[in-house]
1. Using DSSP to define loop residues, name the GluC sites (Glu not before Pro) in region 63-113 whose beta-carbon has at most 11 other beta-carbon atoms within 10 Å.
2. What is the set of long-range amide H partners of residue 128 at a cut-off below 5 Å, with H atoms built 1.01 Å from backbone N?
3. Rounded, prolate or oblate for the chain? Axes are the square roots of the Cα gyration tensor eigenvalues, ordered a ≥ b ≥ c, and the cut-off for rounded is a/c under 1.5.
4. For the pair residue 27 and residue 81, what calculated FRET efficiency results from E = 1/(1 + (r/R0)^6), where r is the Cβ-Cβ distance and R0 = 30 Å, to the nearest 0.05?
5. So how strong a dipole does the chain carry about its Cα centre when Lys and Arg Cβ are +1 and Asp and Glu Cβ are -1, to the nearest 20 debye?
6. Going Cα to Cα from residue 94, which aspartates and glutamates come in below 17 Å? Please leave out same-chain ones fewer than 8 positions away.
7. Quick one: what are the phi-derived ³J(HN,Hα) couplings along region 81-92, Karplus 6.51/-1.76/1.60 with θ = phi - 60°, whole Hz, x for glycine and proline?
8. In what order, largest first, do 27, 162, 126 sit by accessible area if the probe radius is 1.4 Å?
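The values are calculated or read from the model by the stated rules, or taken from the named source; none is laboratory data. Predicted model, so just to flag it, every value in this text is computed and none were measured. Every residue, glycine as well, gets a Cβ built from its backbone with ideal geometry; the counts of neighbours run over all protein chains shown. Protein only, heavy atoms only, side chains kept; ligands, DNA and RNA dropped before computing areas. Shrake-Rupley method; radii C 1.70, N 1.55, O 1.52, S 1.80 Å.
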Amino acid sequence: MSLLDEIAVLHRTGRSSPVILHKGEGDYAIYPGKAKTTFKLTAKDSEGHYGLYETEIQPGSVTPPHIHYNISEHFYVLDGELEMLAGEERVTAKQGAFVAIPKGMTHAFANLTDKPVTFLLAFCPDVNREAYFTKVAEFMQSGNPNWKDLKEALDLEFDSFDPEPRVKFP
């Protein structure tokens, strides 16, 4: 084996094939009456470097202000209108809009319209966010009245914290 071959082996990723998912394909998490997140590229697929998710949220759905200290979050609106908080800025992100949230910045998003909104959501690095989305969805679907208490433990595990002082949104 040549030196170049040996170097290639050392730098080879765990994947030996591409990830190809068509519209509607991929594992997903459903938040009843609120949202569906389809996992397009997961932590496993990217060795934790990057995660890409297609999310559709229903009218009236709100993800409250929160902060990630170890990951950045990126939004690209495919269809509809997403109301966002990015630091101290309020943004109405329409089709084609891109918003990048750096580590440590308070952010939130909501669908304040009467139609669903669909967007791509990316995390870098991906700290297994698909597990977070799946577990929160399972808690919501369980009917357990204490699911919000359970979610707090997940927030700690998956780098999602409430800002202090609390921020009002929308």
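1. Values: sites: 73, 81, 83, 88, 89; in loops: 88.
Sites meeting the loop and neighbour criteria: 88.
2. When sequence neighbours closer than 5 places are left aside, the close amide H contacts are 43.
3. prolate
4. Details: r = 27 Å, r/R0 = 0.90.
Once rounded, the FRET efficiency stands at 0.65.
5. Values: 17 positive and 25 negative charges, 60 e Å.
It works out to roughly 280 debye.
6. Straight-distance partners of residue 94: 54, 56, 79, 81, 83, 114.
7. 9, 10, 7, 9, 10, 10, x, 9, 8, 9, 10, 9
8. Working: 27 115, 162 80, 126 5 Å².
Greatest to least solvent exposure: 27, 162, 126.
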